[in-house]
1. State yes or no: is LEU89 more than 20 Å from SER202 (Cα to Cα) and either without any contact (Cβ under 8 Å) to a residue 24 or more places away in the chain or not in a strand (DSSP E or B) (or both)?
2. Pairs only if they're at least six apart or on different chains, beta carbon under 8 angstrom, first in region 100-112 and of a type in the set (A, V, I, L, M, F, W, C), second in a helix (DSSP H, G or I); list them, first residue then second.
3. Filter region 38-80 for residues that are assigned to a helix (DSSP H, G or I) and free of Cβ contacts under 8 Å to residues at least 24 places away in the same chain; which is farthest from the chain's Cα centre (by Cα)?
4. One residue is enough: does region 92-109 have a residue meeting the conditions under 19 Å from the mean Cα position of the chain (by Cα) and either of a type in the set (Asp, Glu) or closer than 21 Å to ARG157 by Cα (or both)?
5. Of ASP91, ASP58, ASP129, which residue is surrounded by 17 or more Cβ atoms within 10 Å (Cβ to Cβ), touching a Gly at 6+ places or on another chain (Cβ under 7 Å) and either closer than 28 Å to LYS214 by Cα or of a type in the set (Asp, Glu) (or both)?
6. HIS52: of a type outside the set (Val, Ile, Thr), over 26 Å from LYS147 (Cα atoms) and modelled with pLDDT of 95 or more, yes or no?
7. Considering only residues of region 94-125 that are polar (S, T, N, Q) and assigned to a helix (DSSP H, G or I), which is surrounded by the fewest Cβ atoms within 10 Å (Cβ to Cβ)?
Amino acid sequence: MPLYKKFLDGVPEYLARYYWWAYLWRWGIWFFDHQPVINAILFGQYERLLKHTLAQVDTRPEARLLQLTCVYGKLTPSLLSGTGNEIHLCDIATGQLQLARHKTQHDAGRCHLARMNAESLGYRDNAFDQVIVFFLFHEMPAEARRKTYAEIARVVRPGGSVLITEYAATPQRHWLYRLAPFRWLLGRLEPFLPGFWCEDVSAGLSVAIKENGKTLIGEPGVEYCFAGFYRIMRYSV
């Protein structure tokens, strides 16, 4: 039996097959949640990406925020400390939720955890003022991304926003991308990234928003980081 099948336990097959070592294996969870490791994976850009993401968070009183899947690092504790509002956090991996609870136990009353697949959320329509997605889409196959766009569009309310921090579009001029060995290695470690690089996130989200009877207002606010290798996008609904 392939090793990854030991980690299925209700998670999507692609997650177990390609990322068991990073998100499902307990020693992987322990290893990757160290700040130097996270920063190295993001080529020293973690603090800058976090800062720019937090600057776009909806801090209005009583705004309902959804962080779509757990992430390594201090995003969730920073969201709690940067706003007096409650944070709803969902993930399909129990190990990730346990880690998130450990990191937010000082303010557990405001951090509501739920085990859910981002492709099929259990929240009601128009439940949130802002949906926050931090480096998730590039780890999903195209069909999973499409379903997740649809769920985001369903649960975000009119007058709300969607905040996405991710890789930018294919960085053909970036020195890292131009290094063929690195490009090959990144494609091996992140098998869905090449497809995501070519995907129009705004178009995919816009279609999903329209299918839910809503519209995006104007152009998204976009900030680039690391010479255009990463981007922070904020969409108003």
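The values are calculated or read from the model by the stated rules, or taken from the named source; none is laboratory data. These numbers come from a predicted model, not from an experiment. Here the Cβ is made from the backbone with ideal geometry for all residues, glycine too, and neighbour counts use every protein chain on show.
1. Numbers: more than 20 Å from SER202 (Cα to Cα): yes; either without any contact (Cβ under 8 Å) to a residue 24 or more places away in the chain or not in a strand (DSSP E or B) (or both): no.
Spelling it out, it is not the case that LEU89 is more than 20 Å from SER202 (Cα to Cα) and either without any contact (Cβ under 8 Å) to a residue 24 or more places away in the chain or not in a strand (DSSP E or B) (or both).
2. Final answer for the pair search is ALA100/THR76; ALA108/ARG101; CYS111/THR76; CYS111/LEU80; CYS111/ALA100; CYS111/ARG101.
3. Taking region 38-80 and keeping what is assigned to a helix (DSSP H, G or I), we get 38-41, 46-54, 75-80.
Now restrict to residues that are free of Cβ contacts under 8 Å to residues at least 24 places away in the same chain: 39-41, 47, 51.
Values: ASN39: 16, ALA40: 18, ILE41: 15, GLU47: 16, LYS51: 15 Å.
Looking at the filtered set, the residue picked out is ALA40.
4. Applying the first criterion (under 19 Å from the mean Cα position of the chain (by Cα)) to region 92-109 yields 92-101, 103-104.
Keeping just the survivors that are either of a type in the set (Asp, Glu) or closer than 21 Å to ARG157 by Cα (or both) gives none.
Scanning region 92-109 turns up no residue that is under 19 Å from the mean Cα position of the chain (by Cα) and either of a type in the set (Asp, Glu) or closer than 21 Å to ARG157 by Cα (or both).
5. Values: ASP91 fails: touching a Gly at 6+ places or on another chain (Cβ under 7 Å); ASP58 fails: touching a Gly at 6+ places or on another chain (Cβ under 7 Å).
The unique qualifying residue is ASP129.
6. Details: of a type outside the set (Val, Ile, Thr): yes; over 26 Å from LYS147 (Cα atoms): yes; modelled with pLDDT of 95 or more: yes.
For HIS52, the condition - of a type outside the set (Val, Ile, Thr), over 26 Å from LYS147 (Cα atoms) and modelled with pLDDT of 95 or more - is met.
7. Here is the first cut: in region 94-125, the residues polar (S, T, N, Q) are 94, 96, 98, 104-105, 117, 120.
Filter once more, so that each one left must be assigned to a helix (DSSP H, G or I): 94, 96, 98, 105.
Details: THR94: 13, GLN96: 21, GLN98: 15, GLN105: 9.
For region 94-125, the residue satisfying everything is GLN105.
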